[in-house]
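Encoded as structure tokens, the structure appears first; notes follow it.
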Amino acid sequence: MKMMMKMKMADANMRHLLLLCVFCALSVSLCNGACAEVDSDTEAVAGRSFKLGCISCKMRGEMEATATIDWLFRARGEADFVHIYSYDGEASNVIDERFQDRVEWHGSKKTFDIQDASVDILNVTFNDSGVYRCIFNRVLLYKHLEFPTIASKEVHLTVVAKATRGTASIVSEVMMYVSIIGLQLWLLVEMIYCYRKIAAAGEEALRASAAEYLAIASESKDNCAGVQVAE
């Protein structure tokens, strides 16, 4: 009876260890993938669509917040920025007629806690070259306080007639693949480590169970021998 109970406890411990390893592996990937600030591309091709990327992550993910987005544009050769687009989590508004029917929201959807403010520019023209600025008007919602903050980023866009692949793009792609391969290798090492821990725990439990079984058998044999002698 004791042996069966110990075997069940060892089996439960092995399951808990396996679940812990899986949880650790998943938590690493989830934590890293929650929000990552990635710079936008800066070269668009005339006549095609282009994604203006703009991401601003909150410092604390568990904190509630709301945000509205404004996009400004300063054309090449101009001195001032012009308000061209806004988004409040539900509706968008194209303000500058130069971009009418040519700007579409490509950021965070179905949330007021906007962290990705990317937009698509359709049918890009050479006049779209210039500096784009996205502004996050974010309100952090504490228990008894609303704290407004402002974050902004700029994208210097160049429109070309034909797509070219710059050195920065190639390096970024190589680094992305290196990161993916490195993460997969790390997960593989973690899984091998967990498997060895589980196997070692199982073998130890079996040895302990076998030793206890032999001890019980030996004790039973001695008792039987004693009974026979008594007769």
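The values are calculated or read from the model by the stated rules, or taken from the named source; none is laboratory data. What you see is a predicted model, and the numbers here were worked out from it, not measured in a lab. Cβ sites come from the backbone with ideal geometry, for glycine too, and all protein chains shown count toward neighbours. Please note that ligands, DNA and RNA were not included when accessible areas were found on the heavy atoms of the full protein model with its side chains. Shrake-Rupley method; radii C 1.70, N 1.55, O 1.52, S 1.80 Å.
Tabulated data
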{"item": "Some residue of region 142-159 being loosely packed, with under 12 Cβ neighbours inside 10 Å, in contact (Cβ under 8 Å) with a residue 12 or more places away in the chain and not in a strand (DSSP E or B)", "result": "yes"}
{"item": "Every residue from region 77-102 that is open to solvent by 20 Å² or more (accessible area, probe 1.4 Å) and assigned to a strand (DSSP E or B)", "result": "VAL82, HIS83, SER86, TYR87, SER92, ASN93, VAL94"}
{"item": "Residue that is open to solvent by less than 90 Å² (accessible area, probe 1.4 Å), out of contact with any Pro (no Cβ under 9 Å at 6 or more places or on another chain) and at pLDDT below 85, where the choices are GLU190, GLU204, GLU173, GLU219", "result": "GLU173"}
{"item": "When residues of region 85-130 are limited to those that are over 24 Å from ALA36 (Cα atoms) and of a type in the set (A, V, I, L, M), the one nearest to the chain's Cα centre (by Cα)", "result": "ALA91"}
{"item": "Hey, ARG74 of a type in the set (Lys, Arg), touching a strand residue (DSSP E or B) at 6+ places or on another chain (Cβ under 8 Å), open to solvent by less than 80 Å² (accessible area, probe 1.4 Å) and farther than 22 Å from VAL45 by Cβ or not", "result": "no"}
{"item": "Condition broken by GLY130, with the remaining ones in (1) surrounded by 17 or more Cβ atoms within 10 Å (Cβ to Cβ); (2) touching a residue at least 60 places away in the same chain (Cβ under 8 Å); (3) more than 15 Å from ASP70 (Cβ to Cβ) satisfied", "result": "(2)"}
{"item": "Among residues of region 37-52, those that are crowded, with 20+ Cβ neighbours inside 10 Å and out of contact with any helix residue (DSSP H, G or I) (no Cβ under 9 Å at 6 or more places or on another chain), counted", "result": "1"}
{"item": "Complete set of residues in region 42-76 that are in a loop (DSSP other than H, G, I, E, B) and either within 16 Å of the chain's Cα centre (by Cα) or at pLDDT below 90 (or both)", "result": "SER56, CYS57, LYS58, MET59, ARG60, GLY61, GLU62, MET63"}
